[in-house]
């Protein structure tokens, strides 16, 4: 993954932070494209993954990198409006160190090459940014470099016969001529046309 070894997560992290800033308290209980998360749970998940992948980049391995994503329901910190943008910024800064993309690290209790962990972090920011935007009625235009990296990562995972589900849901077919974001969303197991009102089943 040498082409993405210098990918700056800052622009995409900033986009997600701005989405977070515009989430009204009244929307925290609303549904999201992730059936297991309401908006508050999705924000809690973003906070936890930002810390985990920040520490994975730093090779600061311990409780934050060893806990599997499904081990416990993500709790939303009381100061999430301040804390979440802060840790998103720290995540981006940690991955600006070229050493983050080398060697081995750990995230979600799984040992990973640094460049793979970096691509997982990018994909999480892109796809969960879309989740949050859709759930809260906000417009969404991800960072183009992050979107291209996320799509390539998801496409490689979808073509891997050993994939077997994992953190990804079943691929939702999307036409080849659809926008790249829609194709990435479909590869992540989401319906690109999802809205809180039109998709009651999640």
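The values are calculated or read from the model by the stated rules, or taken from the named source; none is laboratory data. Only a predicted model underlies this, so the values are computations on that prediction, with no experimental measurement involved. Glycine also receives a Cβ, built like all others from the backbone with ideal geometry; neighbour counts cover every protein chain displayed.
What single numbered condition from (1) modelled with pLDDT of 65 or more; (2) assigned to a loop (DSSP other than H, G, I, E, B) fails to hold for residue 184?
So the condition that residue 184 fails would be (2).
I'd like to know if the range 38-55 contains one or more residues that are assigned to a loop (DSSP other than H, G, I, E, B) and modelled with pLDDT under 95.
Within the range 38-55 (the criterion being assigned to a loop (DSSP other than H, G, I, E, B) and modelled with pLDDT under 95), the answer is no, since none of the residues qualifies.
I need the full set of residues from the range 105-117 which are part of a helix (DSSP H, G or I) and within 16 Å of residue 51 (Cβ to Cβ), in order please.
If the condition is that a residue be part of a helix (DSSP H, G or I) and within 16 Å of residue 51 (Cβ to Cβ), then 117 is the only one that fits.
Note down all Cβ pairs under 8 Å where the first residue falls in the range 90-112 and is touching a residue at least 40 places away in the same chain (Cβ under 8 Å) and at negative phi, the second is surrounded by fewer than 18 Cβ atoms within 10 Å (Cβ to Cβ) and in a strand (DSSP E or B), and they're at least six residues apart or on different chains.
105/111; 105/112; 105/113; 106/112; 112/104
Only one of these is crowded, with 23+ Cβ neighbours inside 10 Å, over 13 Å from residue 15 (Cα atoms) and within 13 Å of the chain's Cα centre (by Cα): 154, 125. Name it.
Every option except 154 fails the conditions.
When you scan the range 25-36, how many residues do you find that are in a loop (DSSP other than H, G, I, E, B) and either free of Cβ contacts under 8 Å to residues at least 12 places away in the same chain or surrounded by fewer than 19 Cβ atoms within 10 Å (Cβ to Cβ) (or both)?
The initial filter retains those residues of the range 25-36 that are in a loop (DSSP other than H, G, I, E, B), namely 28-30, 32-36.
So of that shortlist, the ones also either free of Cβ contacts under 8 Å to residues at least 12 places away in the same chain or surrounded by fewer than 19 Cβ atoms within 10 Å (Cβ to Cβ) (or both) come out as 28-30, 35-36.
Residues that pass the stated criteria total 5.
What are the residue pairs meeting all of these: first residue in the range 127-143, first residue at positive phi, second residue surrounded by fewer than 20 Cβ atoms within 10 Å (Cβ to Cβ) and part of a helix (DSSP H, G or I), Cβ atoms under 9 Å, and 6 or more apart or on different chains?
137/27
Residue 175: more than 17 Å from the chain's Cα centre (by Cα) and assigned to a loop (DSSP other than H, G, I, E, B), yes or no?
yes
Working only within the range 63-104, note down all residues that are touching a helix residue (DSSP H, G or I) at 6+ places or on another chain (Cβ under 9 Å), part of a loop (DSSP other than H, G, I, E, B) and either at pLDDT 90 or above or buried (at least 22 other Cβ atoms within 10 Å of the Cβ) (or both).
Residues satisfying the conditions are 95, 96, 97, 102, 103.
Taking the conditions exactly as written (crowded, with 23+ Cβ neighbours inside 10 Å and part of a loop (DSSP other than H, G, I, E, B)), does residue 142 satisfy them or not?
Against the criterion (crowded, with 23+ Cβ neighbours inside 10 Å and part of a loop (DSSP other than H, G, I, E, B)), residue 142 qualifies.
Does the range 110-122 hold any residues that are closer than 29 Å to residue 29 by Cβ and surrounded by fewer than 23 Cβ atoms within 10 Å (Cβ to Cβ), and which are they?
Once the filter is applied, which keeps residues that are closer than 29 Å to residue 29 by Cβ and surrounded by fewer than 23 Cβ atoms within 10 Å (Cβ to Cβ), the range 110-122 yields only 120.
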